[in-house]
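The block underneath contains the structure these notes are about, expressed in structure tokens.
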Amino acid sequence: MKERQEYFTNGFITRRFKRSKSLERLNTVLLEINSNKIKEDFTLESKYPSTFDLRPNVYDYDDVFLDILFENNIPLLLKSLTGEDLTLCHVQVRRSIPSDTSYMPWHRDTYFIDDRIVGNVPPAHKIIFYPTVENESNPKLEILKGRFLKMEIYFLSP
């Protein structure tokens, strides 16, 4: 199955970032954040139980968060998968602390209540990077395959 067909059929694809200096830098920055070694004027704020989001924003924290996207041709990948010129609207770093339960139950970001739309239309296309931190591999996210138009791209550590 071609990648575009897989994206539409499953609702997601999985890829790996290219091994590069940017990927090394990204992993280093994420390890520092995970160790609470955060730059001045930035904080980790809790939005959900057992999670901490980098604030006030990610793009000012380090250029690598955007560099890695362009180095891996993500805008071109998204255009080839969706047929659209999409605009990056949000970059987030979320630190999650191991817990017996997920901080977020199963959900969709876009859905209907009666005839009212909740969330973005069309739905957002998410790019989620799950690094291997300190050589541990813990379950991160459960994904439901299927054509229910949730469009996401996941990157795993090489």
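No lab work stands behind these numbers, since they all come straight from the coordinates. Please read these numbers as outputs of a predicted model, since none were measured by experiment. Cβ coordinates were reconstructed from backbone atoms using ideal geometry, including for glycine residues, and neighbour counts include every protein chain displayed.
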Using only the alpha-carbon atoms, how far is helix 21-34 inclined from the longest principal axis of the chain? Give it as 0 to 90 degrees, nearest 10.
70 degrees
From phi via Karplus (6.51, -1.76, 1.60), per-residue ³J(HN,Hα) for the range 69-77 in Hz, x at Gly/Pro
5, 6, 4, 9, 6, 5, x, 5, 4
Figure the gain on full extension for Thr101 and Thr9 (residue separation times 0.36 nm, minus the Cα-Cα span) and round it to one decimal in nm.
30.2 nm
Tell me, what ³J(HN,Hα) does each residue in the range 9-17 have, in order and in whole Hz, if you take phi through Karplus 6.51 cos²θ - 1.76 cosθ + 1.60 with θ = phi - 60° and put x for Gly and Pro?
5, 8, x, 7, 9, 10, 9, 10, 5
Are there GluC sites (Glu not before Pro) in the range 19-102 that DSSP puts in a loop and that have at most 13 other Cβ atoms within 10 Å, and which ones?
Glu40, Glu84
FRET E, pair Tyr111, Arg55, Förster distance 35 Å, beta-carbon r, rounded to 0.05
0.80
Taking amide H positions as placed in the peptide plane 1.01 Å from N, state which residues far from Ile127 in sequence (5 or more) or on other chains have amide H under 5 Å from it.
Ile153
Percent relative contact order of the chain, based on C-alpha pairs within less than 8 angstrom and at least six residues apart?
35 percent
Square roots of 5 times each gyration tensor eigenvalue, C-alpha, the range 3-156, largest first, Å
26, 20, 16
Please report, in debye to the nearest 20, how large the charge dipole of the chain is about its Cα centre when each Lys and Arg carries +1 at its beta carbon and each Asp and Glu carries -1 there.
520 debye
When only C-alpha pairs under 8 Å and at least 6 residues apart count, what is the relative contact order of the range 1-94, in percent?
28 percent
Taking every DSSP beta bridge with both residues inside the chain, roughly what % is antiparallel (nearest 5)?
50 percent
